[in-house]
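The values are calculated or read from the model by the stated rules, or taken from the named source; none is laboratory data. From a predicted model like this one, the values you see are computed outputs, not experimental measurements. All Cβ positions, even for glycine, are placed from backbone atoms using ideal geometry, and neighbour counts span all protein chains on display. SASA here: full protein model, heavy atoms, side chains in, ligands and nucleic acids out. Shrake-Rupley method; radii C 1.70, N 1.55, O 1.52, S 1.80 Å.
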Amino acid sequence: MNIFGSYPKTRLRRLRKSRWMRNLISETSISSNDLILPIFIRDGKNKVEIIKSMPGVKRYTIDKLPTILKQVKKYKIPMVALFPYTPNNKKDDLGSEALNSNNLVCRSIRLIKEKFPEIGVMCDVALDPYTSHGHDGVIFNKQVDNERTIKILVKQALLQAKMGCDVIAPSDMMDGRVGEIRKVLDKNNFKDVSILSYAVKYASSFYGPFRDAVGTKSKLKSDKKTYQMDYRNTLESYREVGLDIKEGADMVMVKPGIIYLDIINKIKKNFKIPVLAYQVSGEYSLIKNAIQKKILNEESIIESIYSFKRAGACAIVTYFAIDIAKKLKKY
Ligand code: PBG
């Protein structure tokens, strides 16, 4: 690449001199349109519960969901992602609760579609919130079994679509599930329900606080490395995305976020498809704890979101979504 000009004729500081000038020449921008807020749901009534490992993030009983949804609406955040904290007595080896049309996610979708129809709903397709072993699929011969799992996932996806879910987001990392889900949705007249595939999902330590938030941490006795990706690899991410697009994915997710910006950028450059990024729980907690301890300031949140935009993400799933939407005008 040619670098034009030289000092002292060229002074890059000229364009940094004032705030309006910096605004004028800025290359990226973010707005609340770019944000997706994950919401944790729990059973019971009239409870908003703190999550120790994720300061500032809460679990809501369904009757309390409107408190957070009102904020989502006010700050014009387009979509929420729902995650259930399933009570232990509803968990089993097959994750059967995933197929209960009155489970926490199904009831929440119905509530949102009835009371907040302008808010988009995205749901994870994976069994981990429902299994007694905390894995995303069912276990057979000591392995998370691909085909047996897909059979359940397609039912879970169809149920979510029937409830009114707008964006089906398989996060389980089974091979071939996107195609099977697309087939079932089309067959049942849900041609316009979209699929956001968590195509590039690495087996990451940064999911730790999330597993705490959905109550799978103590259940999970091993890691997820036989189905989630190896963080030493890049090429594999192209294969994952390519296959998922062929199977019918409308959008793809890269996850985690900040520590995988290189991957976001490469996927964006190589595939002509919307790429979303997930600033996961561990990334959230790092920043949030540092802010609480006054090691970082609040602007670090905005800075972290810009990194996704520079990399090429069109939208970011982040636990900071409301904080960001509130702050946006300030910076
Ligand atoms: C479950 C799922 C996980 C996350 C989203 N969906 C965790 C996992 O795969 O163990 C992580 C989100 C986060 O850490 O914020 N399939």
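Peptides 137-143, 160-166 ordered by packing proxy, namely the average of other Cβ atoms within 10 Å per residue, highest first: 160-166, 137-143. Comparing K272, K155, K288 in a Gaussian network model of the chain where C-alpha atoms under 10 Å apart are linked, the largest mean-square fluctuation is found at K272. Normalised Debye scattering of the stretch 33-151 at q = 0.14, 0.18, 0.23 Å⁻¹ gives log10 I(q)/I(0) of -0.63, -0.96, -1.31, counting only Cα atoms as equal scatterers and leaving out solvent. One chain, two ends: N265 and K76. Fully extended at 0.36 nm per residue, the span grows by 65.4 nm beyond their Cα-Cα distance.
For the chain, the Cβ-based charge dipole about the Cα centre amounts to some 1580 debye (Lys, Arg positive; Asp, Glu negative; other atoms uncharged). For the chain, what's the relative contact order in percent, using C-alpha pairs closer than 8 Å and at least 6 residues apart? About 18 percent, as a whole number.
With N the number of residues in the stretch 150-277, Rg(Cα) / (2.2 N^0.38 Å) evaluates to 1.06. Estimated translational diffusion coefficient (Stokes-Einstein, Kirkwood radius over Cα pairs, 20 °C, 1.002 mPa s) of the stretch 90-169: 166 µm² per second.
Helix 65-74 versus the longest principal axis of the chain: what angle, 0 to 90°, nearest 10, using Cα atoms? Approximately 30 degrees, to the nearest ten.
When the chain is treated as a Gaussian network with alpha carbon springs shorter than 10 Å, the biggest mean-square fluctuation among G248, G56, G134 belongs to G56. Seen from every direction in turn and averaged, the convex hull around the alpha carbons of the chain projects onto 18.8 nm².
Taking the empirical scaling 2.2 N^0.38 Å for compact globular proteins as reference, the stretch 217-291 has a Cα radius of gyration ratio of 1.25. Relative to the longest principal axis of the Cα atoms of the chain, helix 281-292 runs at roughly 50 degrees. Per-residue accessible area (protein heavy atoms, 1.4 Å probe) orders R19, R211, R239 as R239, R19, R211, starting from the largest. Between E27, E247, E236, the GNM of the chain built on Cα springs shorter than 10 angstrom shows E27 fluctuating the most. Residues in the stretch 33-44 carry Karplus couplings, in order, of 4, 8, 10, 10, 9, x, 10, 9, 10, 10, 7, x Hz; the curve used is 6.51 cos²θ - 1.76 cosθ + 1.60 with θ = phi - 60°, and Gly or Pro positions show x.
Accessible area per residue was computed with a 1.4 Å probe on protein heavy atoms; Y85 scores about 70 Å². Accessible surface area normalised per residue over the stretch 28-330 is 45 Å², counting heavy atoms of protein chains with a 1.4 Å rolling probe. Each DSSP beta bridge with both residues in the chain is either parallel or antiparallel, and the antiparallel ones are about 10%. Between 0 and 90 degrees, the angle of helix 235-247 with respect to the longest Cα principal axis of the chain falls at about 60 degrees. Reported to the nearest whole Å, the Cα centre-to-centre distance from the stretch 1-65 to the stretch 144-166 is 32. Put S96, S218 in order of accessible area, highest first, and with a 1.4 Å probe you get S218, S96.
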